[in-house]
Every structure is written in C-alpha cells, then in structure tokens.
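To start, the structure under review is shown below, and the notes come after it.
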Amino acid sequence: MVSALEIDPFNSDELMYGTGATIYRSGNLTDWDLDGGVIDIAPAAQGIEETAIQDLVAPTGDVALVSAMLDLGGFVHEDIATVSDAFQGPYFGGGTSVDAAGRDGATVARAGTDGSGAHLAAVSHDGGGTWVASPAAADASGPGTVAVGAEGSAVVWSPAGADALFSTDGGDTWETAAGLPAGARIEADRVDPHAFYGFLGGDFFVSADGGATFVATPAQGLPVEGNVRFAAVPGAPGALWLAGGEEDGTYGLWRTADAGSTWQRVDGFDEADTVGFGKAAPGATSPAIYVAAKRDGVRGVWRSIDGGDTWVRINDDEHQWGWIGADIEGDPDVFGRVYIATNGRGIVVGDDSTAAAADPWSPAATYGAGDVVTYDDATWVASWWTRGQAPGGVSGPWQEVAAEDSGIAVWTASRTFTRGDVVTHGGEPVAREMVRAGQRAGGLGVRPVGGASVLSCVEAEAPCRGGSGSVHDGADPDPSVSRQASTLSARALPTTKPMTSGRPAAILRPATSQYSQPSGPVPCTPWRTRSPSAEGAMWCGKRSDPSGSTISNVISSHSLSSKKRMR
C-alpha cells in the first residue's frame, strides 16, 4: 500500500513514495514518456526503518542475527552493518517467528505467510543459505511460532489456531503433536535436544520426546491474559524465564529451574514484556539476561550479569522506542550487545561501551573474592583474598571460567561446579553422580541428559571441585563407559580442621562397579584423587581454606558432566 507519493517540483525526474516497508525513489521518472521507457525504483531510506519486528534470534556461529518482520518477511543478517536480502525460497510476505538450534547455530527455522497467503514454516541447515518448506498449515489463522531443538534435528511448529506439528528429520517431514493446545507459544530447550516447551492461557506445557507429545505442568500463578514471551537459558537444561501479562492483572517476570513445574516471581519487576540472553560478562558463570520491563516504577531495558540477583538499566529516557515487547536478544558472541525488536522502527542494536575484557593479572595487585583477571589467554576469578599468587593449577584461589558460544560451561580443573551444572569436556557427553558421605549411592557413573551432561552431585550443601588426577582413570571422565550398577560406602577422612560447611571432609570409596565396555564388564573405580586411600577416592566439597594445610593431600573432585561440542 502506498501511503504518499511526491514528485520533486524542481526536478521532474525525481519521484518518492512511501509504503509500510520503506521509502522508494526514482531518479529517471521522465523516461516513462519514452517508447518502451523503463524507470528505476529502489529503496531510499538510509537509516530510516518502518518495519514491525515480530521475532529475533542470535545464533552461534557465522550468522549474527535472524529476524522475522511484517511486510518484508525477515532477513538473515550475516553482518549487522550491511543490508541483507530478504527471505527467499520460500518468500515470506510477513514473518512471525524465527529460532536457531541452541547447540548448532547453522540450523535455523522461520514461520510466516507466503505470497499466496499460505502459512508455512521453513528450516535451513546452512545458516539460511537454503530452506526446506513445510506444507501449508490447514485451517490456521496465522503462522504462529516455530522452535528448533538444541541439536537441530527436532523442530516444532505451532501455527495460530491450528494443531502443532513436529519434525524429527530437520523439517523434511511433519506430524501432528499431541497434548499442546492450538496456537500455544513454543520454545526449545537450549541444551536438551528432546525438550520443548509451550504456553497458553496461564498453562505451561513440556515435551520430553522432541515435540511429539506435550503434558501440562502443575505451574500456577502465571499470566492468563496479555502478551507473554518466554525463553530458555543457554547452557542450563530446564531453566527458563517468562515475561508478560496485562495491566490490572497478573503482570511481571518469572523464572524456573525445573522445566516449568514451579515458577518463582522475580522481585522488583512491576511489569515485563520480553526476556532474552546473551554472552556472559567476563568471569561470570551465567549468561547476561536482558529484559524489556518496568522495574521499581521505571520503564526501560534492564540487564543482569549475575543470574538475576542485581539489575542495571542500560537505556535512558532519551533512548526509547515505543513498545519493544516482541523480543529482545543478547549476542552470544559479544558481551554487552543486545538486539531490540521495535513495532515500526526496525531492529535497535545496543553496544555497551563500558564492556571490556578483564585486566591482566598483576603480581603486585591485591585481589578479593569475585575479582576477574586474564592470565595465559584465559579468564580467572578469585575465590578469596590473594596477592602474588598467579592463576593456574588445580588448587589455590583462582578458578578458570570458560564457556562455549552456546552458553554451556567448559570444564576446567580449577573451577567449582554445583549440582545441576552442565559442562562440555572431551567431546562426548558424560555425567557422574556423587553422594554425601555415609549415604549409599544408587549409582556413580554416566548419566547423559538429552545428549548433554548434567552434574548430579547429591551433596547439595557443598559444591564440588575437580582437578588434575582427580577424575576417572586419573585424568578426565571416560565417555566410552556407561554405568550399569554401582554402590558406594564412605568413611571419614581424618582432619584436624573442619570444613567451612561445618562437616568434616570424607572419602567416598567406590565399591566394585560394572561398566559396559567393548571388552566386557570390568571392575572400575570411577574417581581417583591424590588422597591417603590407595584404592582411589573422591571428596565432595568446596575447599575454602586458602592455605590448604589440613587438606593438602586431597584434590576435590567435582561430579562432572560433559557433552558433545556444539560445532
């Protein structure tokens, strides 16, 4: 639709007209008077955006951003500083949803309406270079939302007003999903490739089989009316945040760590419209969280770099863009970069001018708990007061903190991990379980979760820390073994000084455990430490005594998980 058309009264060759997409211009209008004359028309709105953005996703890897918008369909933005071509093959006249696999940034999906008015989904496994389109959704009133499983093979599409569909082969074939209400909003877990989530009318749904079936969780207290957006946390299976609601009703921000079974309202937010995640701050162990919300009476864009404990407003009163509740996304590769979907002003890109790498470690400096430095091309966080002690090694005040672009932590020998943490290590998924001293274990061995690995240390009161020589076979977890059965017994480790948790350290002795290997079941001691026990032992607990004088013979072994590297 043309909203206005003008010819320059001083230049008969110049024509400009506006549409819902942009402003177009011709510089040779009088050629129209010639026999067979053709005029050239091209967009002329440099830096002026009129697009209504419906959804965004910032994949890991080469593509910076993928957008869905009305009128133009959307774009694959390989470089946010250059203009990209709109979606083709299939062409979308309007796009409503985009997503990318949490652990495979080359797999992206989109939902929209083509030139004939059919509602479609399309999947690409080469970063948007080529697409495979779904059949048109029968009886749908709109394209709805689409979600891609963490590894890219499972896709779920929920058209508006129609049954949800799922694909297990990357979009080649589709089947009807069961248990999800028509038109429910959907998202995928960023770690577990089998986990998908849905929301509609205050009810939250979860699928553990790649979207084939959904069941309602017992969640209560979520918004029943109004716009609702939710997102899964990178690197943390089963962790999600939800924003939305309406004025004079339930309206705010919630979080869950158990795949939506229970939700906790985040204090301080009067209203919240959308939530997203980006690269963690240097030394941080959780992704940056971005929220378009009203907090303590102030509307704005808010960010947390400590898992939601504290918040800072990152825009000001001079930088606001109307309703920005459609989506907000942090960049997985650049800390401090955020993408904001506006309703008529395009995509706003924000960069934190204060975001910078940590300072190099200095032998003359004094550091306290939480201080971050760089050393030997790695980032380190101080666990306690230290001066003159260089980062490195297994024990000591420094923990090396690293993560994949997917947000999943990289296992390092010096870092403390707690129950439920997920790490990548060794290229294969491995999970181990630990038990409290004196408690018999139902198993100590491999426990993959959806192709990833979850640290399952039952010693919930104290985190676990692992180091060189402390893990299976005296080195790293062995991904080739899978637990069949194992039992543990424990005895106290003599110590002259209690741990800060108030309990003495302990040795957990693995009894004979059967592991299936190519050579057949063999006895195995899954954990070894440099401890007084010649049989191999492990100690679960955060070593908080910087001198280490009373426990210097023990390397604290964390219950480590590892998963296949994303790329």
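The values are calculated or read from the model by the stated rules, or taken from the named source; none is laboratory data. What you are looking at is a predicted structure, and each value in this text was computed from that prediction instead of being measured. Neighbour counts are summed over all protein chains in view; Cβ atoms, including those assigned to glycine, are modelled from backbone coordinates with ideal geometry. When the accessible area is computed, the model is the full protein with side chains, heavy atoms only, and any ligands, DNA or RNA have been set aside. Shrake-Rupley method; radii C 1.70, N 1.55, O 1.52, S 1.80 Å.
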Scan the stretch 161-190 and report the pairs whose first residue is without any contact (Cβ under 8 Å) to a residue 12 or more places away in the chain and whose second residue is open to solvent by less than 10 Å² (accessible area, probe 1.4 Å), with Cβ atoms within less than 8 Å and a gap of 6+ or a chain change.
173/167
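In the stretch 402-421, what residues are at pLDDT 80 or above and under 18 Å from the mean Cα position of the chain (by Cα)? I'd like the intermediate steps shown before the answer.
So the first thing to find is which residues in the stretch 402-421 are at pLDDT 80 or above, and the list is 402-416.
Hits for the stretch 402-421 are 402, 403, 404, 405, 406, 407, 408, 409, 410, 411.
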Being touching a residue at least 12 places away in the same chain (Cβ under 8 Å), in a strand (DSSP E or B) and surrounded by 24 or more Cβ atoms within 10 Å (Cβ to Cβ) is the requirement here; does residue 66 meet it?
yes
Tally time: how many residues in the stretch 348-378 are assigned to a strand (DSSP E or B), of a type outside the set (Gly, Ala, Ser) and closer than 15 Å to residue 290 by Cα?
2
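Just checking, which of 115, 93, 128 is on the phi > 0 side of the Ramachandran plot and not charged (D, E, K, R)? Working first, answer last.
Numbers: 115 fails: on the phi > 0 side of the Ramachandran plot; 93 fails: on the phi > 0 side of the Ramachandran plot.
Of the residues listed, the single one that is on the phi > 0 side of the Ramachandran plot and not charged (D, E, K, R) is 128.
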Note on the stretch 205-229: residues more than 14 Å from residue 245 (Cβ to Cβ), out of contact with any strand residue (DSSP E or B) (no Cβ under 6 Å at 6 or more places or on another chain) and either open to solvent by less than 10 Å² (accessible area, probe 1.4 Å) or of a type in the set (Val, Ile, Thr) (or both) are 210, 215
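Of all residues in the stretch 45-61, how many are open to solvent by 40 Å² or more (accessible area, probe 1.4 Å) and in a loop (DSSP other than H, G, I, E, B)? Even if it seems obvious, please write down each step before you answer.
Taking the stretch 45-61 first, the residues open to solvent by 40 Å² or more (accessible area, probe 1.4 Å) are 46-50, 54.
Subsequent filtering for residues that are in a loop (DSSP other than H, G, I, E, B) retains 46-50.
Matching residues across the stretch 45-61 total 5.
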Residue within the stretch 24-43 that is closer than 21 Å to residue 78 by Cα and either modelled with pLDDT of 95 or more or open to solvent by 50 Å² or more (accessible area, probe 1.4 Å) (or both) present
yes
Test set (1) open to solvent by 10 Å² or more (accessible area, probe 1.4 Å); (2) aliphatic (A, V, I, L, M); (3) assigned to a strand (DSSP E or B) - residue 140 fails condition number:
(3)
Restricting to the stretch 225-264, what's the tally of residues that are within 22 Å of residue 97 (Cβ to Cβ) and over 22 Å from the mean Cα position of the chain (by Cα)?
4
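It is to be established whether one or more residues within the stretch 52-69 are closer than 14 Å to residue 155 by Cβ and modelled with pLDDT of 95 or more.
Kept after step one, since they are closer than 14 Å to residue 155 by Cβ, are these residues of the stretch 52-69: 57.
Keeping just the survivors that are modelled with pLDDT of 95 or more gives 57.
Yes, the stretch 52-69 contains at least one residue that is closer than 14 Å to residue 155 by Cβ and modelled with pLDDT of 95 or more.
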Identify the residue in the stretch 236-249 that is in contact (Cβ under 8 Å) with a residue 40 or more places away in the chain and over 17 Å from residue 299 (Cα atoms) and, among all such residues, is surrounded by the most Cβ atoms within 10 Å (Cβ to Cβ).
242
Is it fair to say residue 340 is under 15 Å from residue 290 (Cα atoms), assigned to a strand (DSSP E or B) and at pLDDT 95 or above?
yes
Complete set of residues in the stretch 172-229 that are modelled with pLDDT of 95 or more and polar (S, T, N, Q)
173, 176, 207, 213, 217, 227
Looking across the stretch 84-97 at residues that are closer than 16 Å to residue 145 by Cβ and open to solvent by 10 Å² or more (accessible area, probe 1.4 Å), the single one that is modelled with the lowest pLDDT is 94
Just to verify a result, which residue in the stretch 98-125, among those that are open to solvent by 10 Å² or more (accessible area, probe 1.4 Å) and hydrophobic (A, V, I, L, M, F, W, C), is nearest to residue 59 (Cα to Cα)?
106
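Residue-wise test of (1) closer than 30 Å to residue 403 by Cβ; (2) among the small types (Gly, Ala, Ser).
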| position | (1), (2) |
| --- | --- |
| 112 | no, yes |
| 118 | no, yes |
| 133 | no, yes |
| 139 | no, no |
| 153 | yes, yes |
| 156 | yes, no |
| 159 | no, no |
All positions within the stretch 166-198 that are surrounded by fewer than 24 Cβ atoms within 10 Å (Cβ to Cβ) and aliphatic (A, V, I, L, M):
178, 182, 184
Please state which of the following conditions residue 133 fails to meet, knowing it meets all the rest: (1) surrounded by fewer than 24 Cβ atoms within 10 Å (Cβ to Cβ); (2) out of contact with any Leu (no Cβ under 6 Å at 6 or more places or on another chain).
(2)
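Restricting the stretch 78-137 to residues that are part of a loop (DSSP other than H, G, I, E, B), of a type in the set (D, E, K, R) and in contact (Cβ under 8 Å) with a residue 12 or more places away in the chain, which is nearest to residue 189 (Cα to Cα)? Outline the logic, then answer.
Step one: of the stretch 78-137, the residues part of a loop (DSSP other than H, G, I, E, B) are 78-85, 87-93, 102-103, 114-118, 125-131, 134-137.
The next check asks that each one be of a type in the set (D, E, K, R); those that pass are 78-79, 85, 103, 114, 126.
Retained after the next criterion (residues that are in contact (Cβ under 8 Å) with a residue 12 or more places away in the chain): 78-79, 103, 114, 126.
Details: 78: 24, 79: 26, 103: 10, 114: 28, 126: 21 Å.
This residue is 103.
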